[in-house]
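Here is the structure we will look at, set down as structure tokens.
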Amino acid sequence: MKNLIKQWVKQYRLTARAKRRAIFRNYFPVDAHTKILDLGSEDGSSIYFLLDGLSYNPKNIYIADIDRDLISAGAVRYGFTPVYLKEDKALPFGDRFFDIVYCSSVIEHVTVPKDEVYKILSGNRFSLLSSSHQEAFANELARVGKGYFVQTPNKYFIVESHTWLPFFGFIPRRLQVPLIKWTNRFWVKKTAPDFHLLSRSEFQKLFPESLIIPEKSMGMVKSWMAIRKINQ
């Protein structure tokens, strides 16, 4: 059963990534001179998929993450430029250094220190702290990029993407945390309660200059994409 769920999710994600790639390419021309920052890149596999088939210079693709091992692996595998980031620090680049900043399924994890995620049970406190960090992150992202493409899951989608549980985004945090502890013992998807999901209005507030595009699945909005074109 677990393997069937994993295979279905894998195919579902591939389809979603292909749709996002089409949207990205529709708004952003890319050539050998285009500088791109993949913020929260892990090993760079996502940006590699996004750019596959385009004429780009790997050295102009910067993969940035708080995991040094992952970006080092991406640099070896794809020839991208690795950038090691420290949590809650300003990005080490000048204003509008990049043509495009790409950031997918990352901003919802910009919340509180990882050693505190199980300790904070108050939804109001977690939301207040997370919102402050997400605002600073969004401002930095917009500062270093002439244009940007930011994607995040919809807070009110029927299946929550980090837990793969239905209606998870609708329950209070004081129940979310123990539920994650319990399901992590047997459920196919293990995670940590480090994410602060966003509604459309909350997402738009973080990126007021952007066009917000809904990504739909099963007739509902699965995620939001914020786009600011390079010449905007």
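The values are calculated or read from the model by the stated rules, or taken from the named source; none is laboratory data. All values reported here derive from a predicted model rather than from experimental measurement. Counting neighbours? That spans all protein chains shown, and the Cβs are built from the backbone with ideal geometry, glycine included.
Taking Pro208, is it within 20 Å of the chain's Cα centre (by Cα), modelled with pLDDT of 95 or more and assigned to a loop (DSSP other than H, G, I, E, B)?
Against the criterion (within 20 Å of the chain's Cα centre (by Cα), modelled with pLDDT of 95 or more and assigned to a loop (DSSP other than H, G, I, E, B)), Pro208 qualifies.
Among the candidates Thr111, Thr152, Thr163, single out the residue that is free of Cβ contacts under 8 Å to residues at least 60 places away in the same chain and under 17 Å from the mean Cα position of the chain (by Cα).
When all the criteria are applied, what remains is Thr163.
Yes or no, residue by residue, for (1) outside any helix (DSSP H, G or I); (2) within 24 Å of Trp224 (Cα to Cα); (3) touching a residue at least 24 places away in the same chain (Cβ under 8 Å); (4) in contact with a Ser or Thr (Cβ under 9 Å, 6 or more places away or on another chain):
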site	(1), (2), (3), (4)
Val30	yes, yes, yes, yes
Lys59	no, no, no, yes
Tyr62	yes, yes, yes, yes
Ala73	no, no, yes, no
Arg77	no, no, yes, yes
Asp88	yes, yes, yes, no
Ile100	yes, yes, yes, yes
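So which residues in the stretch 9-28 are aromatic (Phe, Trp, Tyr), at pLDDT 90 or above, part of a helix (DSSP H, G or I) and over 16 Å from the mean Cα position of the chain (by Cα)?
Listed by number, the list holds a single entry, Tyr27.
Report, by residue number, each residue of the stretch 30-76 that is under 20 Å from Arg96 (Cβ atoms), out of contact with any strand residue (DSSP E or B) (no Cβ under 9 Å at 6 or more places or on another chain) and either surrounded by 13 or more Cβ atoms within 10 Å (Cβ to Cβ) or not charged (D, E, K, R) (or both).
Result: Ala32, Asn57.
Give me a count of the residues in the stretch 102-115 that are in a loop (DSSP other than H, G, I, E, B), out of contact with any strand residue (DSSP E or B) (no Cβ under 7 Å at 6 or more places or on another chain) and within 21 Å of Phe203 (Cβ to Cβ).
Within the stretch 102-115, residues that are in a loop (DSSP other than H, G, I, E, B), out of contact with any strand residue (DSSP E or B) (no Cβ under 7 Å at 6 or more places or on another chain) and within 21 Å of Phe203 (Cβ to Cβ) number 3.
With the requirement that a residue be among the β-branched types (Val, Ile, Thr) and out of contact with any Ser or Thr (no Cβ under 9 Å at 6 or more places or on another chain), what does the stretch 129-153 give you?
Val144 - this is the single residue of the stretch 129-153 that is among the β-branched types (Val, Ile, Thr) and out of contact with any Ser or Thr (no Cβ under 9 Å at 6 or more places or on another chain).
Evaluate the following for Gly169: is it modelled with pLDDT of 95 or more and surrounded by 14 or more Cβ atoms within 10 Å (Cβ to Cβ)?
Against the criterion (modelled with pLDDT of 95 or more and surrounded by 14 or more Cβ atoms within 10 Å (Cβ to Cβ)), Gly169 does not qualify.
Between a residue in the stretch 136-147 that is over 8 Å from Phe98 (Cα atoms) and part of a helix (DSSP H, G or I) and any residue that is among the aliphatic types (A, V, I, L, M) and at pLDDT below 95, which pairs come within a Cβ distance under 9 Å, given they are 6 or more apart or on different chains?
Ala136/Ala90; Glu140/Ala90; Arg143/Ala90
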